[in-house]
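Scroll down for the structure; my scribbles are underneath it.
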Amino acid sequence: MGVRGKVAVITGGGAGIGRAAALLFAREGARVVVADLDRDAGAATVEQITAEGGEATFVAADVSRPDEVRLLVEATVAAFGRLDILVNNAAIYRQGNAETTTEDDWQRILEVNLTAPFLCARYCLPVMRRGGGGVIVNVASEAGLVGIRGQVAYNVTKAGLIGLTRSLAVDGAPAIRANCICPGTSDTPLVAAAVARQPDPAAARRALESVRPMDRLGRPEEIAFGILCLASDELAYATGAVLSVDGGYTAQ
Ligand SMILES: NC(=O)c1ccc[n+]([C@@H]2O[C@H](COP(=O)([O-])OP(=O)(O)OC[C@H]3O[C@@H](n4cnc5c(N)ncnc54)[C@H](O)[C@@H]3O)[C@@H](O)[C@H]2O)c1
């Protein structure tokens, strides 16, 4: 795939989909910057990439903070001299409808899931342009395409991220591409934690599987492959694209 030799920043690369993407990009020859709040998790991803013979570095960052995003971009340039691909993957999930979501939760979910991708784009774009162009892949969700019950703030941020993708695409062309993936519920720590909070976790998991035609959860590696495709040179004509990888959930 056409990411060989490229420098890719992957936010939330310490776990789940972000880790799977970091490993896959490195296997495909990209030089990977794993950015994560969680130092142990991020370092573990880098260790695994290095053990496989890939090239990666870890930068501790809360990507919702402009100062830390600026440092992340500086660290990337210091490590690899350029920046070609940004994968806005880090996000948080909390349940609640409009009556039960606290204002603090609303604020924090917006900061991490929507403001952070904007900030990362804002600080990465000038460096990408200096290098001749680049690609941004935003990790949205099926929740950005349909209203999923009891998660109003998360739904809103993912719908907003699809909008951000389209703006980045039209403003950035032709040098900058921006695409978006909308994963369905997948087997990651985020989902494991949400399921574990339910009164009957096994039944909750089964319910998540059975609402989709494929009758199973996604695998992080499957989502990572979609991210890789959207970032790859082979798909150079795709910008503003929204790719569903959700076991058919939004096709119903
Ligand atoms: N797992 C799913 O079912 C699913 C479905 C649709 C969309 N998604 C999206 O995929 C992406 C990855 O989800 P996941 O399930 O792998 O999540 P996860 O919770 O398993 O991993 C997220 C990673 O992001 C990091 N992170 C969180 N906040 C951060 C911040 N402010 N700064 C830097 N790092 C931060 C965490 O430390 C963690 O390592 C998210 O955007 C999520 O919304 C996931």
The chain, dipole about Cα centre (Lys/Arg Cβ +1, Asp/Glu Cβ -1), debye to the nearest 20: 420 debye
Candidates C229, C120, C182, ranked by Gaussian network fluctuation over the chain, Cα under 10 Å, top entry: C229
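Can you pull out the GluC sites (Glu not before Pro) in segment 77-178 that DSSP calls coil and that have at most 13 other Cβ atoms within 10 Å? List each step's numbers first, then the result.
Working: sites: E99, E103, E111, E142; in loops: E99.
Passing both the DSSP loop test and the Cβ count: E99.
By how many nm would the segment from R39 to Q95 grow when fully extended, if each residue of separation counts as 0.36 nm and the alpha-carbon distance is taken off? Please report the intermediate quantities before stating the final value.
Values: separation 56, 0.36 × 56 = 20.16 nm, distance 2.58 nm.
Additional length available on full extension: 17.6 nm.
Of the heavy-atom accessible surface of the chain (probe 1.4 angstrom), what whole percent is carbon and sulfur?
On the way: 6130 of 11360 Å².
Answer for the chain is 54 percent, counting heavy atoms of protein chains only.
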For segment 64-81, Karplus couplings with θ = phi - 60° (6.51, -1.76, 1.60), whole Hz, Gly/Pro x: 8, 10, x, 5, 6, 5, 4, 5, 4, 5, 4, 5, 5, 5, 4, 7, 10, x
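Using R₀ = 30 Å, calculate the FRET efficiency as 1/(1 + (r/R₀)^6) where r is the Cβ-Cβ separation of V242 and R27; round to 0.05.
Details: r = 26 Å, r/R0 = 0.86.
Calculated value: 0.70.
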In Hz, Karplus ³J(HN,Hα) per residue of segment 186-197 (6.51, -1.76, 1.60; θ = phi - 60°; x = Gly, Pro): 10, 6, 9, x, 4, 6, 4, 5, 5, 5, 5, 7
Inter-part distance where segment 26-96 and segment 163-236 are each reduced to a Cα centre, Å: 18 Å
Amide H within-cut-off set for I176, under 5 Å, with H built and near neighbours excluded: G134
From phi via Karplus (6.51, -1.76, 1.60), per-residue ³J(HN,Hα) for segment 86-96 in Hz, x at Gly/Pro: 10, 10, 7, 10, 4, 6, 10, 10, 9, 7, x
Semi-axes of the equivalent ellipsoid for segment 108-252, Cα gyration tensor, largest first, Å: 30, 16, 12
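How large is the translational diffusion coefficient of the chain in µm² per second when you combine the Kirkwood radius over alpha carbon pairs with Stokes-Einstein at 20 °C and 1.002 mPa s?
On the way: Rh = 18.0 Å.
D, rounded to a whole number, is 119 µm²/s.
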Ranking by accessible area, most exposed first, for F58, F225, F80 with a 1.4 Å probe: F225, F58, F80
Between helix 116-130 and the chain: long-axis angle, C-alpha atoms, 0 to 90°, nearest 10: 20 degrees
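The values are calculated or read from the model by the stated rules, or taken from the named source; none is laboratory data. In this text the structure is predicted, and so the values were computed from the model without any measurement. Quick reminder, even Gly has a Cβ in these numbers, built from the backbone with ideal geometry, and neighbours come from all protein chains shown. Protein only, heavy atoms only, side chains kept; ligands, DNA and RNA dropped before computing areas. Shrake-Rupley method; radii C 1.70, N 1.55, O 1.52, S 1.80 Å.
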